[in-house]
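K.L.:
Here it is, the structure, as structure tokens.
The values are calculated or read from the model by the stated rules, or taken from the named source; none is laboratory data. Here the structure is a predicted model, which means the values were calculated and not measured. Glycine gets a Cβ as well: all are built from the backbone with ideal geometry, and neighbour counts include every protein chain shown. Heads up: the accessible areas ignore ligands, DNA and RNA and are worked out on the full protein's heavy atoms, side chains in. Shrake-Rupley method; radii C 1.70, N 1.55, O 1.52, S 1.80 Å.
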Amino acid sequence: MNENFKISPSEINKIKVLNQKDKNFRLESLKLFNQQGFPTRNHEDWKFSDINQIFSKNFKNLESFKNEIKPKSINFIKEFDHNHILMVNGKLENSEFKFEDKNKIKIKSYNDSNFSLNNVENSLINLNNALSNNGLFLEVADNYKFEKAIIIYNVFTDDLKDNLLNNKNKIILGKNSELHIVEYNINQSKNKFIYNTTENVILNENASLKTINLQANQNEGFFYKFSKGKMKSNSNFSSFIFSSGPKFNKIDAEFDLEGENCDCNIKSALFINRDKHQEIKTKINHLVPNCKSYQKIKSVVDAEGKGVYQGKIYVKDIAQKTNAYQLSKALLLSENSEFNSKPELEIYADDVKCSHGSTSGNVDENSIHYLMTRGLSKKQAIQLLVNGFLNEIIGDIKSNSVRKFIENKIEIQIHGY
Amino acid sequence: MLVIKNLKASINNREILKGLNLKINPGEVHAIMGPNGSGKSTLANVLSGKNGYKISGEVKYLGESLNDIPVEERAQKGIFLAFQYPLEIPGVNTNNFLKTSLNTIKKAKGEKEIDTIAFLELVKEKAKELGIDEKILSRQLNVGFSGGEKKKNEILQMKILDPNLIILDETDSGLDIDALKIISDGVNSSRSEKKSFLVITHYQRLLEYIKPDHVHVLSDGKIIKSGTSELALELEKKGYKKLN
Ligand SMILES: Nc1ncnc2c1ncn2[C@@H]1O[C@H](COP(=O)(O)OP(=O)(O)OP(=O)(O)O)[C@@H](O)[C@H]1O
Ligand SMILES: [Mg+2]
């Protein structure tokens, strides 16, 4: 472990701990982290994203906390009506539910370390358990269906530099409830910093959660998010990941399908340019019969960019009639672009329908030629093909206004390819 | 309009066009026939400016050498190729593509760009003339189009982009009789003193609809015989073997 990244136990004194038990848990977790260090490629889960090396290259020292600071003015989304939650550097600032029955929504700043994942393997979770002092707790009452989406504005202030921020979120949907979240990251810092999140999502019977993850701009942030989901029977989860933008981003999602007839969808369209590094890692655990999971990851990698998809589908012996699908497609725009994919099936039931696949390749020269014979420059032709490639995912967003908004955001990114 | 002198083209160290000569005047329709693999599509590709060929000889378009002109500039200058196998472009909306293409060409010509409403009217009119179901134009470009729909879509693009030199590579293959008639009408109504056509086909039938001024036989990378539409009839009866 890079000695510079060791964190002194005295750091924990800076946190307003709940009680001695909390403090001990944090100290214990920190000790584990200091033994483990940031994960290296020797760890199977980090095979293609040696975060220890990446951090060593980009940071000399890390500062664990940040004094509170107000963000510069924020460009709130005006294109469609929404409720909002404002998080600044991972801390809940304010929220407004203009369109909703407020009695049905519980929201508070989250710093309850009873939520212990105890995933000793993953040192970033240990680090998070030790140091997280902020976050969001959101609970939707049984039978309540949101009128409008919530946009979670995740704002990072411009004075962040070499900071290591840890935060924890928890989202609980009651029975028969429905919610649509757009997580919109606005990064005002021009400097490098690390944001380490663990998130816990619980969908009770018949609940439905749709999420969209989107970046407002290109930035120098290093993001890691571990997300653990639990799905009860007949619940429905659908997520779109458009997380291009940060210098480093790894989304690590693990879902337990615990009740029958649930449906878990993960779709992603990534545009990875410059020397950016993005990974999506998923683990879908089919623990009971009759559930469906679907994953489609499309990535465009340009310049020195690097993309990774590691997806595992686990089907327990009793999980008959499982229907699981997983596909990763990557388009490489430059000789130096790289994409690694590791789809995995681990199946112990015999009556299941599972398929997986992955492809990666260059843009088809004949297609470029076809478009150029219609007057388009090579650059225009490639942009159109890239757009088309990602559109297969973006086109699935049902709300017209949200889809248009995202199309624009992605178009801007691609335009600068 | 187009003058080709001693054109040779090779790809992957294989010579495909082996010294081809051809002259097309404004307003003329030339047909090229020839056995499979004789180099017809290669000629069309080379004229479109496709990369990857090693080329010698001279190709002049409107008095200007095309040798160093890239693909998109040729298109902007009015050269249009209707592909033998139009490509499927997933995720790209046909109408959006057509509009981008038209406006890029207009811009290059120094003309004013067309707005969406005027464009949609234009497409609607042209699609109707060609008997194209407008619904397919809001779909992804050529994706899942039937063979005939793809060919019609090529002619639609020709009509909208309004080029001067039009190369039709086996546009008639795979068309039913009615579609053949519609497409031929589409071509005929575009004929003018300023436009020239190079029609590549295997079938004399198309040439009954689109009357060529000249018919050439391309064999093994060279034009081995030229004549009037009589030649096409003769070929239909005797085949290529009996030539010479
Ligand atoms: N990239 C390539 N590498 C090697 N050979 C090629 C390549 N492209 C074409 N050829 C060969 O060149 C010859 C001419 O091909 P071309 O497509 O021009 O024929 P064509 O006259 O259009 O035939 P058809 O009537 O079947 O359409 C063929 O033998 C073909 O296999
Ligand atoms: Mg051909």
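K.L.:
With B:N96, B:N67, B:N6, B:N51 as the choices, which residue is open to solvent by 10 Å² or more (accessible area, probe 1.4 Å), more than 10 Å from every other protein chain (Cβ to nearest Cβ) and not in a strand (DSSP E or B)?
P.N.:
Exactly one residue qualifies, and that residue is B:N67.
K.L.:
Sticking with this one: Report yes if A:E178 is in contact with a Ser or Thr (Cβ under 7 Å, 6 or more places away or on another chain) and surrounded by fewer than 19 Cβ atoms within 10 Å (Cβ to Cβ), otherwise no. Talk me through it step by step, then tell me what you get.
P.N.:
Working: in contact with a Ser or Thr (Cβ under 7 Å, 6 or more places away or on another chain): yes; surrounded by fewer than 19 Cβ atoms within 10 Å (Cβ to Cβ): yes.
Answer is yes for this residue.
K.L.:
For segment A:339-353, which residues satisfy the criterion of being out of contact with any Ser or Thr (no Cβ under 7 Å at 6 or more places or on another chain) and surrounded by 17 or more Cβ atoms within 10 Å (Cβ to Cβ)?
P.N.:
Within segment A:339-353, A:N340 is the sole residue that qualifies.
K.L.:
Moving to a separate point now. Hey, among A:N323, A:N336, A:N400, A:N362, which residue is among the polar types (S, T, N, Q) and closer than 30 Å to B:L81 by Cβ?
P.N.:
On the way: A:N323 fails: closer than 30 Å to B:L81 by Cβ; A:N336 fails: closer than 30 Å to B:L81 by Cβ; A:N400 fails: closer than 30 Å to B:L81 by Cβ.
Sole residue among the options that is among the polar types (S, T, N, Q) and closer than 30 Å to B:L81 by Cβ: A:N362.
K.L.:
Any idea which residue in segment A:381-402 is farthest from the other protein chains (Cβ to nearest Cβ), counting only those that are in a helix (DSSP H, G or I) and surrounded by fewer than 16 Cβ atoms within 10 Å (Cβ to Cβ)?
P.N.:
Only one residue fits best here, namely A:S401.
K.L.:
Tally up the residues in segment A:202-233 that are over 30 Å from A:E411 (Cβ atoms), of a type in the set (A, V, I, L, M, F, W, C) and buried (at least 21 other Cβ atoms within 10 Å of the Cβ), please.
P.N.:
4
K.L.:
Of A:S109, A:S8, which residue is without any contact (Cβ under 8 Å) to a residue 24 or more places away in the chain, on the phi < 0 side of the Ramachandran plot and either within 21 Å of the chain's Cα centre (by Cα) or surrounded by fewer than 16 Cβ atoms within 10 Å (Cβ to Cβ) (or both)? Spell out how you get there, then give the answer.
P.N.:
On the way: A:S109 fails: without any contact (Cβ under 8 Å) to a residue 24 or more places away in the chain.
It is A:S8.
K.L.:
Continuing with the same structure: Between B:K128, B:K60, B:K107, which is open to solvent by 50 Å² or more (accessible area, probe 1.4 Å), assigned to a helix (DSSP H, G or I) and at pLDDT 95 or above?
P.N.:
Just one listed residue meets the conditions, B:K107.
K.L.:
What residue, among those in segment B:9-24 that are over 15 Å from B:K222 (Cα atoms) and surrounded by 16 or more Cβ atoms within 10 Å (Cβ to Cβ), is farthest from ligand 1 (Cβ to nearest atom)? Talk me through it step by step, then tell me what you get.
P.N.:
Filtering segment B:9-24 for residues over 15 Å from B:K222 (Cα atoms) gives B:11-13, B:24.
Then drop every residue that is not surrounded by 16 or more Cβ atoms within 10 Å (Cβ to Cβ), which leaves B:11, B:24.
Details: B:I11: 4, B:I24: 18 Å.
Within segment B:9-24, the match that is farthest from ligand 1 (Cβ to nearest atom) is B:I24.
K.L.:
Return yes or no: is A:S358 under 26 Å from A:H180 (Cα atoms) and away from chain B (no Cβ under 14 Å)?
P.N.:
In short, no.
Per-residue answers, yes or no, for (1) surrounded by 14 or more Cβ atoms within 10 Å (Cβ to Cβ); (2) in a loop (DSSP other than H, G, I, E, B); (3) of a type outside the set (A, V, I, L, M, F, W, C); (4) within 11 Å of ligand 1 (Cβ to nearest atom):
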position	(1), (2), (3), (4)
B:P26	yes, yes, yes, no
B:N36	no, yes, yes, yes
B:L47	yes, no, no, no
B:L102	yes, no, no, no
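K.L.:
Continuing with the same structure: For segment A:55-72, indicate whether the set of residues that are in a helix (DSSP H, G or I) and of a type in the set (G, A, S) is non-empty.
P.N.:
yes
K.L.:
Keeping to segment B:174-203, report how many residues are within 16 Å of ligand 2 (Cβ to nearest atom), open to solvent by less than 30 Å² (accessible area, probe 1.4 Å) and of a type in the set (S, T, Y).
P.N.:
1
K.L.:
Confirm whether A:L376 is part of a helix (DSSP H, G or I), within 14 Å of chain B (Cβ to nearest Cβ) and either in contact with a Lys or Arg (Cβ under 7 Å, 6 or more places away or on another chain) or not polar (S, T, N, Q) (or both).
P.N.:
Spelling it out, it is not the case that A:L376 is part of a helix (DSSP H, G or I), within 14 Å of chain B (Cβ to nearest Cβ) and either in contact with a Lys or Arg (Cβ under 7 Å, 6 or more places away or on another chain) or not polar (S, T, N, Q) (or both).
K.L.:
Return yes or no: is A:T282 farther than 16 Å from A:N249 by Cα, open to solvent by less than 10 Å² (accessible area, probe 1.4 Å) and among the β-branched types (V, I, T)?
P.N.:
No, not satisfied.
K.L.:
Now a separate question. Considering only residues that are open to solvent by less than 30 Å² (accessible area, probe 1.4 Å) and within 16 Å of ligand 2 (Cβ to nearest atom), look in segment B:204-244 and name the one that is nearest to the chain's Cα centre (by Cα).
P.N.:
Within segment B:204-244, the match that is nearest to the chain's Cα centre (by Cα) is B:L206.
K.L.:
Identify the residue in segment A:83-106 that is part of a loop (DSSP other than H, G, I, E, B) and either under 21 Å from the mean Cα position of the chain (by Cα) or not assigned by TED's automatic domain parsing to the domain that holds A:A130 (or both) and, among all such residues, is surrounded by the fewest Cβ atoms within 10 Å (Cβ to Cβ).
P.N.:
A:G90
K.L.:
Could you figure out which of (1) modelled with pLDDT of 95 or more; (2) open to solvent by 20 Å² or more (accessible area, probe 1.4 Å); (3) away from ligand 1 (no atom under 16 Å from the Cβ); (4) within 12 Å of chain A (Cβ to nearest Cβ) isn't true of B:L87?
P.N.:
The single condition B:L87 does not satisfy is (3).
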